[in-house]
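The values are calculated or read from the model by the stated rules, or taken from the named source; none is laboratory data. Keep in mind it's a predicted model, so treat the numbers as computed, not measured. Cβ atoms come from the backbone with ideal geometry, glycine included; neighbour counts cover every protein chain shown.
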């Protein structure tokens, strides 16, 4: 039976939850497939996460390996293949704590950067798990700034081998997942030297552990880097290479090659070596960032209708905390953002698919745009989602801090995404570089990608809204975002120009503008997110009930952004002080409207209780009972604490 | 400090490599030892105890926190002399280890909602304690799960058939000697949390559990043997403890943020990355404007919060002097102020610690950076001792009350006296223009005025919106709820003003010219950065023009460059010992990379070269597929 406080929320839904779920999945058929995959995984005890919160680092690592191995068996049994419709739902169903994620990235980098012969040689071995791969790029001393990597690969023409070395402590590979304990091979990035000349960073396949007894290969020192804020299950590792020799054929050579005589040949941009990162950035967004945020919203919103606290009207029962305006103002904008980002993910995927098709034809024209968008959105979304999950955690009061709420692990997991695959500030500056370039080109009348043509149209204008209802028009607010983004880009470009003209060197001028540049990049992404939400919602014409609630969420997403960044909209008078009061009023008016559908809106995400793994967020809302039952399973509750006999007893009985 | 740090008894393996049970055990071992050593060295001054404790536990929480920080003080404050005789010395000597059981599974900050009952039975002269529902189980008290043998329990008192509200009772929960739970008591650990691994936060369920009448803390309210209830003289007195604890939290927030700044700034001076000028060696990341923009405003904030913490502490001590002489007039204002500042500083500081962690890139995420621990120890204070949003609303209540008093023609005094100016301005015809203050962005005093104007404006907006809702014939509660987002904004603006004001006021007290100069820069940065993050408020209220906002943004960037040469010195001044920082990245000597490698080698996963999982899982898989 469902807690009546939660049941009542579901009776008043203004739309069909089932239909919304199907739409989110991209069709009823997909929903069916997804549920089948989730069901198959969850009913298998090997994948159970019941004890996850009580396990040590060693236990979690072991469980992650066990699950990864079992998953191969399971896929085989179920007939799921890597290109089948089920595949993309597997990681959602397993819900974290599974090893060999880097093995997949190992394979992906070989398929993207390897020659046909390399693919033919390595991919079958990897997909049959004859070897386990990792991806060793980051070093102790260098991360996002790849040109600074210090590992070296020197070509030895006499033996036709590369000699890999870690010349100093800061050059040690540090952080790669699956490398501390599991991997037998890795793709190591190193500065390539031929005949004493450095050709920049290139990827090499290196064996690090024996395929027989898993001991380290000669010249290799590797191990685990120690406990982190989360990812206890992953053996993030370090790697030291001492004169390790790999054959010439182990340099991934789809786009460049060292020929037997030592001559270096390249086809296309060197940036292509980072293409794995672009693809990883986009694909990690859904599983590692957006879905966890949707889970956090589900937990916090369900809990907020079960938790009653204090009174809204004297003499009545205590109120559900979701009925407080401050609680709505914490959670509902996060819910709207979850939807917004879910839709942006589709937008980016489409952009990527188009780009990838071109790149396979060795046409690299779309690479800059693709790189700029994947960087900017990765930064904006991870940062937004991390703070959203933290808001959800705190909105659950004390119980949010219990691991049993599920929120701390969602939070720490998302936090990592703000750093891996590119530090966010650096990524924003890369987006900014692209925007400034496009702005200059557009101002000079040169063609730019359609997504940024708006930059050419900066004019001093005023927002035409006359009353608070006008701000519920997507045209009005999309326009406001567009204006604001264009203004920030153009004023930063002007500032850069001004500095350069006054004699400041280009790189100094750049550094002096970086705070503004990062802000401009964020503004651009925010604008695209609002625009994309509005367009996605408008395409929903055929489903009136769903469109209506999506419109409310879209409005809320847009107005929340204006409300919380009012300064940049007020700055050049585009929005006046009186209009800002209208924005605030419209924004606050939306809260109680969306409040009514809050629970159905999170139900539509369709997470099972097992995948939420939260004592606060389960579908039936029996929060307190579950919290009490789960706590009793804690190993700390074994009847007598060993600390009592050892320390407490002497303390209690000593005469001080 | 040296006394503790050099004592071999307090050494142990890095907590990061231990399991939760092991961490609890280590913490308890040290706490037990600490108490014995404190007595041995005759340390009794509360401040000295605090320092001793923070060195023993290196700033981490410990299982006896609640005994020392809540159980003993509550006994002192609320027990009768007879009860002091019975309980205080045994508790002081740790024959009794106590905790403070207030929060329940179903209720936290809203105390009136607590459900535990204590029903007086005149026949046996006992109270019967009950946890009538699942949600009434006591949940979260530190030291309750495994350590304590007594608890001060807060329960709704029923006598002669009437509910008399919350009262405190001393409840024995475990058998002295065997440490087993007493009959009628169900007690245990609530399981793993986001941090606080060293603490056994617990649950407590009571079933018809009887305690003698004399176990109710009866210094103020009393129940006589026949069941007659005697009311306490004033209910304001309970504010005292809350103000005290919240003032400590402001200090904790300042310290946590200072530690994180120390780590991030030192590391940013050691880490070299990318290039600023083509062809030159990689620069220290602290030379990048974006890095300075992340860290220096936080550094300024850390200094600001230190000043605020010290201010509240002195004010509390001054006012508690008045309280004991019966003058309670200043207490409501102080209570409102500390509630808001507790929320303001803990929010800002925990977000700031996260910024610092992220400013350290990937290595910040490793436990060896020490910042994850600072964060998880600090962030719960956004919730405990009063949930922050509720705290902000309490401050707002005081602000609205003061505002209404002003509009009804009675001027207010103290820190809200700026509201008086508001009514004077209203008489003048152009009221928006009248609010304009001529802001000089290089002058702290002038910036204080700007913040004051912003606070006044947001308080006024909130109060007017509240009135408008009331005019719609809404109930008081409903109107309040419909305005609460505005009210929280008003409180935040008020607290922000108070912080800027206290920081600016402190500058004149600094006698050393060089120190004053650098603190003035920090104060300006704090104030200007706050404006640049909230330009909307200043623009909308007409306090600043577009051109001034552009100047403010520009000046913030200039200050970053000015502070840069002093950045490391400014964190060195916090004077945190390496052991207290517990950070490989933040080491005083800056030898980061070597020490990270050494640290990692100690990880439990590295105990064997080939992990057992290889034989168990990997090998069978490789041979089968």
Looking at the structure I just gave you, is residue A:352 away from every other protein chain (no Cβ under 14 Å), surrounded by fewer than 23 Cβ atoms within 10 Å (Cβ to Cβ) and either without any contact (Cβ under 8 Å) to a residue 12 or more places away in the chain or over 30 Å from residue A:196 (Cα atoms) (or both)? yes
Count, please, the residues in region B:474-497 that happen to be over 15 Å from residue B:457 (Cα atoms) and away from chain A (no Cβ under 14 Å). 0
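Residue-wise test of (1) surrounded by 14 or more Cβ atoms within 10 Å (Cβ to Cβ); (2) within 22 Å of residue A:108 (Cα to Cα); (3) away from every other protein chain (no Cβ under 11 Å); (4) at pLDDT 95 or above.
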| residue | (1), (2), (3), (4) |
| --- | --- |
| A:197 | no, no, yes, yes |
| A:207 | yes, yes, yes, yes |
| A:219 | yes, no, yes, yes |
| A:237 | yes, yes, no, no |
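Report yes if residue B:588 is surrounded by fewer than 23 Cβ atoms within 10 Å (Cβ to Cβ) and not in a helix (DSSP H, G or I), otherwise no. Before you say what the answer is, go through the steps one by one.
On the way: surrounded by fewer than 23 Cβ atoms within 10 Å (Cβ to Cβ): yes; not in a helix (DSSP H, G or I): yes.
For residue B:588, the condition - surrounded by fewer than 23 Cβ atoms within 10 Å (Cβ to Cβ) and not in a helix (DSSP H, G or I) - is met.
So, in region B:128-145, how many residues would count as being in contact with a helix residue (DSSP H, G or I) (Cβ under 7 Å, 6 or more places away or on another chain) and either assigned to a loop (DSSP other than H, G, I, E, B) or at pLDDT 95 or above (or both)? Reasoning before the result, please.
Going residue by residue through region B:128-145, those that are in contact with a helix residue (DSSP H, G or I) (Cβ under 7 Å, 6 or more places away or on another chain) are B:134-135, B:137, B:140-143, B:145.
Retained after the next criterion (residues that are either assigned to a loop (DSSP other than H, G, I, E, B) or at pLDDT 95 or above (or both)): B:137, B:140-143, B:145.
Summing the residues that are in contact with a helix residue (DSSP H, G or I) (Cβ under 7 Å, 6 or more places away or on another chain) and either assigned to a loop (DSSP other than H, G, I, E, B) or at pLDDT 95 or above (or both) in region B:128-145 gives 6.
Closer than 30 Å to residue B:275 by Cβ, without any contact (Cβ under 8 Å) to a residue 60 or more places away in the chain and touching a helix residue (DSSP H, G or I) at 6+ places or on another chain (Cβ under 6 Å), is that true of residue A:485?
Values: closer than 30 Å to residue B:275 by Cβ: yes; without any contact (Cβ under 8 Å) to a residue 60 or more places away in the chain: yes; touching a helix residue (DSSP H, G or I) at 6+ places or on another chain (Cβ under 6 Å): yes.
Spelling it out, residue A:485 is indeed closer than 30 Å to residue B:275 by Cβ, without any contact (Cβ under 8 Å) to a residue 60 or more places away in the chain and touching a helix residue (DSSP H, G or I) at 6+ places or on another chain (Cβ under 6 Å).
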Which residue is farthest from the chain's Cα centre (by Cα), if the candidates are limited to region B:84-120 and must be in a strand (DSSP E or B) and in contact (Cβ under 8 Å) with a residue 40 or more places away in the chain? B:120
Checked A:597, A:589, A:606, A:581 against criteria (outside any helix (DSSP H, G or I) and out of contact with any strand residue (DSSP E or B) (no Cβ under 8 Å at 6 or more places or on another chain)); the one match is A:606
Any idea how many residues of region A:26-68 are touching a helix residue (DSSP H, G or I) at 6+ places or on another chain (Cβ under 7 Å), without any contact (Cβ under 8 Å) to a residue 40 or more places away in the chain and either closer than 30 Å to residue B:606 by Cβ or within 14 Å of chain B (Cβ to nearest Cβ) (or both)? 5
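So in region B:53-68, with the set limited to residues that are touching a residue at least 40 places away in the same chain (Cβ under 8 Å) and in a helix (DSSP H, G or I), which one is surrounded by the most Cβ atoms within 10 Å (Cβ to Cβ)?
Kept after step one, since they are touching a residue at least 40 places away in the same chain (Cβ under 8 Å), are these residues of region B:53-68: B:54-67.
Then drop every residue that is not in a helix (DSSP H, G or I), which leaves B:54-56, B:65-67.
Details: B:54: 16, B:55: 20, B:56: 23, B:65: 21, B:66: 27, B:67: 24.
Once the filter is applied, the top-ranked residue is B:66.
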Just to be sure, is residue A:149 more than 10 Å from chain B (Cβ to nearest Cβ), within 17 Å of residue B:271 (Cα to Cα) and crowded, with 18+ Cβ neighbours inside 10 Å? yes
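Within region A:390-413, track down each residue that is on the phi > 0 side of the Ramachandran plot and more than 8 Å from chain B (Cβ to nearest Cβ). Spell out how you get there, then give the answer.
Of region A:390-413, the ones on the phi > 0 side of the Ramachandran plot are A:397, A:406.
A:406, the sole residue that qualifies.
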Take the conditions at positive phi and either buried (at least 24 other Cβ atoms within 10 Å of the Cβ) or not assigned by the TED database to the domain that holds residue B:197 (or both) and apply them to residue B:385. Does it pass? yes
What's the total number of residues in region A:206-254 that are within 30 Å of residue A:362 (Cα to Cα) and in a loop (DSSP other than H, G, I, E, B)? 3
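One line per residue, one yes/no per condition, for (1) touching a strand residue (DSSP E or B) at 6+ places or on another chain (Cβ under 8 Å); (2) in contact (Cβ under 8 Å) with a residue 12 or more places away in the chain; (3) surrounded by fewer than 18 Cβ atoms within 10 Å (Cβ to Cβ):
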| residue | (1), (2), (3) |
| --- | --- |
| A:182 | no, yes, no |
| A:202 | yes, yes, no |
| A:211 | no, yes, yes |
| A:228 | yes, yes, no |
Does any residue of region A:399-414 turn out to be more than 30 Å from residue A:294 (Cα to Cα), touching a residue at least 60 places away in the same chain (Cβ under 8 Å) and over 23 Å from the mean Cα position of the chain (by Cα)? no
Wholly within region A:14-117, which helices (runs of 4 or more DSSP H) include no fewer than the required count, namely at least 3 residues that are more than 22 Å from the chain's Cα centre (by Cα) and closer than 30 Å to residue A:224 by Cβ? A:57-78, A:101-113
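Which residue, of B:556, B:552, is crowded, with 21+ Cβ neighbours inside 10 Å, touching a helix residue (DSSP H, G or I) at 6+ places or on another chain (Cβ under 6 Å) and more than 10 Å from chain A (Cβ to nearest Cβ)? Reasoning before the result, please.
Working: B:556 fails: more than 10 Å from chain A (Cβ to nearest Cβ).
None of the other options fit; the residue is B:552.
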Identify all residues within region B:569-585 that are over 18 Å from residue B:254 (Cβ atoms) and surrounded by fewer than 17 Cβ atoms within 10 Å (Cβ to Cβ); write none if there are none. B:569, B:578, B:579
For residues that are modelled with pLDDT of 85 or more and in a loop (DSSP other than H, G, I, E, B), scanning just region B:280-326, find the one that is surrounded by the most Cβ atoms within 10 Å (Cβ to Cβ). B:288
Quick one: residue B:108 ticks every box in (1) modelled with pLDDT under 90; (2) over 22 Å from residue B:206 (Cα atoms) bar one, so which box is it? (2)
Among the residues of region A:417-424, are any over 16 Å from residue A:138 (Cβ atoms), within 9 Å of chain B (Cβ to nearest Cβ), in contact with a helix residue (DSSP H, G or I) (Cβ under 8 Å, 6 or more places away or on another chain) and modelled with pLDDT of 90 or more? no
Where in region B:457-574 are there helices (runs of 4 or more DSSP H), lying wholly inside it, with at least 2 residues that are touching a residue at least 12 places away in the same chain (Cβ under 8 Å) and more than 30 Å from residue B:266 (Cα to Cα)? B:476-482, B:484-507, B:535-540, B:546-563
Of residues in region A:496-542 being within 13 Å of another protein chain (Cβ to nearest Cβ) and in a loop (DSSP other than H, G, I, E, B), the one surrounded by the most Cβ atoms within 10 Å (Cβ to Cβ): A:513
Of the residues A:102, A:140, A:131, A:164, only one is more than 14 Å from chain B (Cβ to nearest Cβ), in contact (Cβ under 8 Å) with a residue 40 or more places away in the chain, in contact with a strand residue (DSSP E or B) (Cβ under 7 Å, 6 or more places away or on another chain) and over 30 Å from residue A:263 (Cβ atoms); which? A:102
Scan region A:322-337 and report the pairs whose first residue is away from chain B (no Cβ under 11 Å) and closer than 14 Å to residue A:308 by Cα and whose second residue is at pLDDT 95 or above and in a helix (DSSP H, G or I), with Cβ atoms within less than 8 Å and a gap of 6+ or a chain change. A:322/A:301; A:322/A:304; A:322/A:305; A:322/A:328; A:322/A:331; A:322/A:595; A:322/A:598
